[in-house]
1. Would you call V421 open to solvent by 20 Å² or more (accessible area, probe 1.4 Å), β-branched (V, I, T), assigned to a loop (DSSP other than H, G, I, E, B) and touching a residue at least 40 places away in the same chain (Cβ under 8 Å)?
2. For region 412-436, which positions are closer than 22 Å to N121 by Cα and in contact with a Ser or Thr (Cβ under 7 Å, 6 or more places away or on another chain)?
3. Restricting attention to region 11-53, which residues are open to solvent by less than 40 Å² (accessible area, probe 1.4 Å), over 16 Å from G68 (Cα atoms) and not aliphatic (A, V, I, L, M)?
4. Being open to solvent by 20 Å² or more (accessible area, probe 1.4 Å) and either in contact with a helix residue (DSSP H, G or I) (Cβ under 6 Å, 6 or more places away or on another chain) or in contact (Cβ under 8 Å) with a residue 12 or more places away in the chain (or both) is true for just one of E372, E368, E338. Which residue is that?
5. Looking at (1) under 22 Å from T226 (Cβ atoms); (2) under 22 Å from the mean Cα position of the chain (by Cα); (3) in a helix (DSSP H, G or I); (4) not aromatic (F, W, Y), which is the only condition L314 fails?
6. Hey, could you check region 54-97 for residues that are in contact with a strand residue (DSSP E or B) (Cβ under 8 Å, 6 or more places away or on another chain) and of a type in the set (A, V, I, L, M) and say which is surrounded by the fewest Cβ atoms within 10 Å (Cβ to Cβ)?
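The values are calculated or read from the model by the stated rules, or taken from the named source; none is laboratory data. All figures in this text were calculated on a predicted structure; none of them were measured in a lab. Cβ atoms come from the backbone with ideal geometry, glycine included; neighbour counts cover every protein chain shown. Heads up: the accessible areas ignore ligands, DNA and RNA and are worked out on the full protein's heavy atoms, side chains in. Shrake-Rupley method; radii C 1.70, N 1.55, O 1.52, S 1.80 Å.
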Amino acid sequence: MFLSVFEMFKIGIGPSSSHTMGPMVAAARFMAALAQADATPAHVQVQLLGSLAFTGKGHATDRACLLGLAGLSPETFDPARAEAVLAGIAAHRVLPDTAIAFDPATDLIFDYDTPSNGHANAMQITARDGAGATVLSEVYYSIGGGFILTAAEFEAAKAQDASARSNVPYPFQSSREMLDMAQTSGLSIAQMKRANELTQRTSEDLDAGIARIWQVMNGCLTRGLTAGGILPGGLSVKRRARGIFNSLQEQQHSNLAPPHIVNDWISAYAMAVNEENAAGGQVVTAPTNGAAGVIPACIRYWLDHVPMADPAVLPDFLLTAAAIGGLIKHNASISGAECGCQAEVGSASAMAAAGMCAVLGGTPAQVENAAEIALEHHLGMTCDPVAGLVQVPCIERNGLGAIKAVAAASLALHGDGSHLVPLDSAIATLWQTGRDMSDKYKETSLGGLAVNIPNC
């Protein structure tokens with residue numbers, strides 16, 4: 001099992017990795033398939049199913065589909081160009097630089113009735129010729145974190161031999177294997193992860209890529225700490241991170257400030273990221289957009305508030321976090337539409353706890369313990385965004401997830417790594433709980449807070 005750090009941490013746009021980034025990638029991939037087949041359709045239609053239908057408008061899925069059909073990508077997203085593209089499609093009802101008809105009012109279908117037979121985030125794109133005959137049709141699943149699979153790829157992945165090993169030096173598929181390999185090799189989790197990554201790219205490219213991930217994370221966080229106003233979407237949610245941050249700066253040198261105020265710093269950092277995400281800004285999936293604030297908040301807390309923090313070992317934080325995230329994705333899910341918010345903020349908190357523990361000098365056993373503590377105490381968490389927007393309860397939830405991550409790392413460092421519940425058991429429980437959870441609580445906005453908030 002090998003998932004690169006650059007698969008767990010993707011640079012993209014808000015507000016959702018599975019509902020915005022994924023559909024954009026899928027639509028662009030469909031257009032590329034048309035070009036490869038040298039097909040010249042007259043008309044394209046997109047049908048959104050499952051969670052993509054129920055909360056797609058709140059997650060800008062409709063905009064993302066149009067932009068993907070026009071060839072835009074999350075990694076190189078240009079807001080000005082995007083607005084021009086959307087205006088052009090609305091005005092002319094054709095895809096840019098083509099003769100392919102596409103009317104957003106009738107060709108982008110939010111299908112609330114047809115069940116998705118595979119993943120909860122499903123979409124079907126169909127191209128037809130002038131006589132109405134199908135030229136190409138493909139079903140895509142947005143499986144969380146910006147990952148996209150066709151229906152065929154999805155089935156093939158389910159059928160893949162679980163014992164298959166990646167061609168990397170440390171192909172751990174469970175936390176037990178990870179700890180055994182660390183003990184045998186004498187390496188840290190970050191060192192093993194680095195060795196695996198170096199089978200795919202040079203050391204220089206790896207370091208440059210990791211530096212770029214943190215640059216975008218920190219840039220997003222910094223923008224969020226300086227931006228004010230009301231978030232889009234109709235809930236009139238006010239940005240709060242800037243106000244909290246300014247207040248904390250005023251109290252910073254006060255002898256009367258209580259020790260627990262550090263939690264407010266961590267929350268402000270996380271909320272800043274998720275407010276930017278809710279506004280459609282540039283973010284890093286960590287491992288998803290809805291949970292994007294947890295890891296950068298913990299890193300910023302470590303760098304700015306922990307004595308003797310060394311930025312030179314920041315790659316160890318992200319490599320360790322990616323290793324834990326890979327285990328969760330491989331053995332359970334990072335998708336709120338599959339398993340609720342335990343799979344998003346819960347996974348992010350486990351990843352952050354592991355990374356924090358590693359840079360604070362934790363052993364592999366303590367790192368695994370930190371991840372388990374953080375994940376265990378998110379089990380059962382639902383995904384019930386009010387009005388289908390990644391705002392309430394998502395923004396504050398990232399702050400609490402980051403606080404839990406720091407607490408979990410600290411608790412683990414006070415022990416020797418031995419504990420009752422293995423991380424593998426917590427991951428298995430996440431998956432089982434997600435399977436048992438009602439669809440009302442899995443990113444459909446059909447239950448929970450989404451239906452119990454008046455006047456929205």
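1. yes
2. Selection gives W431, G434.
3. Within region 11-53, P41, G50, S51 meet the criteria.
4. Result: E338 is the single residue among E372, E368, E338 that is open to solvent by 20 Å² or more (accessible area, probe 1.4 Å) and either in contact with a helix residue (DSSP H, G or I) (Cβ under 6 Å, 6 or more places away or on another chain) or in contact (Cβ under 8 Å) with a residue 12 or more places away in the chain (or both).
5. Every listed condition holds for L314 apart from (1).
6. V94
Yes/no per residue for (1) charged (D, E, K, R); (2) in a helix (DSSP H, G or I); (3) within 30 Å of A131 (Cβ to Cβ):
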site	(1), (2), (3)
D38	yes, no, yes
H59	no, no, no
P74	no, no, no
G88	no, yes, yes
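Here is a yes/no grid of residues against (1) open to solvent by 30 Å² or more (accessible area, probe 1.4 Å); (2) of a type in the set (S, T, N, Q); (3) in contact (Cβ under 8 Å) with a residue 12 or more places away in the chain; (4) in a helix (DSSP H, G or I):
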| residue | (1), (2), (3), (4) |
| --- | --- |
| S254 | yes, yes, no, no |
| M271 | no, no, yes, yes |
| I295 | no, no, yes, yes |
| Y301 | yes, no, yes, yes |
| M308 | yes, no, no, no |
